[in-house]
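Structure record follows, encoded as structure tokens.
The values are calculated or read from the model by the stated rules, or taken from the named source; none is laboratory data. As the structure is a computational prediction, the values presented were derived from the model and not from experiment. Cβ: placed from backbone, ideal geometry, glycine included. Neighbour counts: every protein chain shown.
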Amino acid sequence: MSTITTPTTSKQGLQKQGRQKRPQTQRSRRRVEPIFYLFLVPSLILFTLAITVPGIMGIFFSFTNSIGIGDWDFIGLTNYIAIFSDPAILQSYLFTFGFSIVTVIAVNVIAFLLAVGLTARIRMKTALRTIFVIPMVVSGIIIAYVFNFLFSNSLPSLGAAAGIPWLESSLLANPDLAWIAIVLVTAWQAVPGALLIYIAGLVAVPGDVYEAAEIDGASKFQQLLKITLPLVAGYVVINIILGFKGFLNAYDIIVGLTNGGPGTSTRSIAMTVISGFNGGDYAYQMANATIFFVVAILISLVQLSLTRGRNAL
């Protein structure tokens, strides 16, 4: 007579499972080393005092009529309502976003083409990379003053000598063309940063992929479109997002070139906010800065959504 046995969990099996889970529990309850707090706490205190607290105070004062000193009254959303009907504020947003979009396109096109050339089999690649990176380490205000002299003196003299009428006057004095000079100078300084990112992406592409494409008869242009661009797409997204966020805060180059002129045609959001602080519109410009802060948060959320899943890059 045969007996039917049912599988049961033995005592030894339970003990084995307990031994396997015990190290994980111990690791999860591991005590944090005090040295980590030594680095974290001072940085957290400085960040709170220098950024968080002033930011909260600024948002609060944006609902008042404060001029930065003295007495003030709570006026609610009056500043925010006035901003959306202020042509000077709207012009600064229009210029800043238009300038940022054009500059992002110019920077990424130039940087990508340079990166392709500087990763090819050419001589003196290292020396050329060093030369192209130099603008990134020069102060923006210094660059702006140098180009201000070129646009105001050298180019008009060259235009007069060459008989080019539109070049005889300074681009910086033309309200319709001054933004072009700002884009050129900003791109000149921003290209190296994007160039380094693209070089890192191109170097990471396996060489055997191009060898296989050459065996299949693909031309260099086809390899660029079908292989290089898809494989560095993540780097393109990162450069676009970081560049756009950076150009929204444009200030020093614009100050050195046009100081927001002619008139207010090239005044950025940052310039508008800072000039308002100096002109007694503290609460009004704090409302403007708060709106700009919300815009920056939204752009950051877009960045996170676009770069999610690209951590392997």
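Observations, loosely collected:
- Considering (1) part of a helix (DSSP H, G or I); (2) over 17 Å from Leu114 (Cα atoms), the lone condition that Pro192 does not fulfil carries the number (2).
- Scoring Ile215 on the criteria (1) more than 21 Å from Lys125 (Cα to Cα); (2) touching a Ser or Thr at 6+ places or on another chain (Cβ under 8 Å); (3) of a type in the set (Val, Ile, Thr); (4) surrounded by fewer than 16 Cβ atoms within 10 Å (Cβ to Cβ) leaves a single failure, condition (2).
- Meets criteria (modelled with pLDDT under 90, buried (at least 16 other Cβ atoms within 10 Å of the Cβ) and under 30 Å from Ile238 (Cβ atoms)) for Leu118: yes
- Criterion: under 30 Å from Leu184 (Cα atoms) and not acidic (Asp, Glu) - qualifying residue of Ala250, Ala212: Ala250
- For region 85-94, taking the residues that are crowded, with 18+ Cβ neighbours inside 10 Å and either modelled with pLDDT of 95 or more or among the hydroxyl-bearing types (Ser, Thr, Tyr) (or both), the one that is farthest from the chain's Cα centre (by Cα) is identified as Ser92.
- Residues in region 153-202 that are hydroxyl-bearing (Ser, Thr, Tyr), closer than 24 Å to Ser268 by Cβ and in contact (Cβ under 8 Å) with a residue 40 or more places away in the chain: Thr186 alone.
- Out of Gly140, Gly68, Gly98, one residue alone is modelled with pLDDT under 90, within 25 Å of Gly263 (Cβ to Cβ) and in contact with a helix residue (DSSP H, G or I) (Cβ under 9 Å, 6 or more places away or on another chain). It is Gly140.
- Meets criteria (over 24 Å from Arg267 (Cβ atoms), within 32 Å of the chain's Cα centre (by Cα) and in contact (Cβ under 8 Å) with a residue 40 or more places away in the chain) for Met136: yes
- Answer residue from region 263-294, given it is loosely packed, with under 15 Cβ neighbours inside 10 Å and modelled with pLDDT of 80 or more and is farthest from Phe84 (Cα to Cα) among those: Gly263
- Residue match in region 72-84 (condition: of a type in the set (Ser, Thr, Tyr), outside any helix (DSSP H, G or I) and either at pLDDT below 90 or under 30 Å from Pro262 (Cβ atoms) (or both)): no
- Trp188 being touching a Ser or Thr at 6+ places or on another chain (Cβ under 7 Å) and more than 24 Å from Gly234 (Cβ to Cβ): no
- Near pairs, Cβ below 9 angstrom, 6+ apart or cross-chain, from region 268-295 (in contact (Cβ under 8 Å) with a residue 24 or more places away in the chain and within 15 Å of Leu90 (Cα to Cα)) to any residue that is of a type in the set (D, E, K, R) and not in a helix (DSSP H, G or I): Tyr284/Asp86; Asn288/Asp86; Asn288/Asp281
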